[in-house]
Amino acid sequence: MSTTTPEALSGLWRLVRFAYRWPDGKEVSPLGHAVGQLIYLLDRERPGRMSVQIMATERPPLDLDSDASQALHFRSGFAYSGNWSLEEGRVHHDVDIASLAFWEGTRLTRDVTLKSDRLILSTDEPSPHIPQGGYVTLLEWTR
C-alpha cells in the first residue's frame, strides 16, 4: 500500500526524463530531449485539477504554408488537463482537454513512485507513438 498522499503530489513538477523502456532494458526517448511541466492542484470543494505539457526541445522552424511542417510540430509534443485522483499508489487523470483529441473523455492511469523531490509516473498502456505496446512509459519529474 502506498503512503503517497494528494498533498505530496500537489504543486509544480518539471520534466527530467520521458522514455519508453522494454523488458530487455532498451530505452527510447520518443521526443528526443524534451521539456515539460506537470501541475497538480488540490481543491477541497471539488476534484483536484491537473495539467501537463511536454515538448521536444529541438524542432525545425515552423512553416505555416507546409502541411508536413505543421504535422511535425504537432507530433513534437502533447498536452492535456483534467481532474485527478490518487488511489492505492496510482494517479488517475480524467482528461477533458487534450492536444490528442482521442484522449478527451478518457482516464489515463499512472503508477506513482515518489522519493523526496523525484516523482516517477509509469504505465504499460501503449502510447500513440508506438501503439503496439510491449514497453513501459516512464515520466520522471522533479520539483
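The values are calculated or read from the model by the stated rules, or taken from the named source; none is laboratory data. Everything numeric in this text was worked out from a predicted model, so none of it was measured. A quick note on method: Cβ atoms are made from the backbone with ideal geometry, for glycine too, and the neighbour counts reach across all protein chains shown.
So here's what we get for this one:
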read-out	value
Residue identified as outside any strand (DSSP E or B) and touching a Pro at 6+ places or on another chain (Cβ under 8 Å) among 105, 133	133
Options 43, 111; residue that is acidic (Asp, Glu) and at pLDDT below 95	43
Single match in 28, 91, 52, 16 (criterion: within 23 Å of residue 114 (Cα to Cα), at pLDDT below 95 and in contact with a Phe, Trp or Tyr (Cβ under 8 Å, 6 or more places away or on another chain))	28
Pairs, first within 17 Å of residue 111 (Cα to Cα) in region 121-143, second of a type in the set (S, T, N, Q) and at pLDDT below 90, C-beta under 6 Å, six or more apart	137/127
Count of residues meeting criterion [closer than 19 Å to residue 15 by Cβ and in contact (Cβ under 8 Å) with a residue 60 or more places away in the chain] in region 85-120	5
Residue under evaluation residue 121, criteria (1) surrounded by fewer than 16 Cβ atoms within 10 Å (Cβ to Cβ); (2) in a strand (DSSP E or B), criterion not met	(1)
Test set (1) assigned to a loop (DSSP other than H, G, I, E, B); (2) under 16 Å from the mean Cα position of the chain (by Cα) - residue 64 fails condition number	(2)
Those residues of region 75-102 which are among the aliphatic types (A, V, I, L, M) and either more than 23 Å from residue 28 (Cβ to Cβ) or assigned to a helix (DSSP H, G or I) (or both), in sequence order	86, 91, 95, 97, 101
Neighbours by Cβ (under 6 Å, 6+ apart or cross-chain): first from region 15-40, farther than 23 Å from residue 84 by Cβ and of a type in the set (A, V, I, L, M); second modelled with pLDDT of 95 or more and part of a strand (DSSP E or B)	28/20
Neighbours by Cβ (under 7 Å, 6+ apart or cross-chain): first from region 51-75, touching a residue at least 12 places away in the same chain (Cβ under 8 Å) and surrounded by 15 or more Cβ atoms within 10 Å (Cβ to Cβ); second aromatic (Phe, Trp, Tyr) and not in a loop (DSSP other than H, G, I, E, B)	52/80; 54/18; 54/78
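Yes/no matrix, rows are residues, columns are (1) among the aliphatic types (A, V, I, L, M); (2) assigned to a strand (DSSP E or B); (3) in contact with a helix residue (DSSP H, G or I) (Cβ under 9 Å, 6 or more places away or on another chain):
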{"position": "14", "(1), (2), (3)": "no, yes, no"}
{"position": "25", "(1), (2), (3)": "no, no, no"}
{"position": "30", "(1), (2), (3)": "no, no, no"}
{"position": "37", "(1), (2), (3)": "no, yes, no"}
{"position": "45", "(1), (2), (3)": "no, no, no"}
{"position": "55", "(1), (2), (3)": "yes, yes, no"}
{"position": "70", "(1), (2), (3)": "no, no, no"}
{"position": "73", "(1), (2), (3)": "no, no, no"}
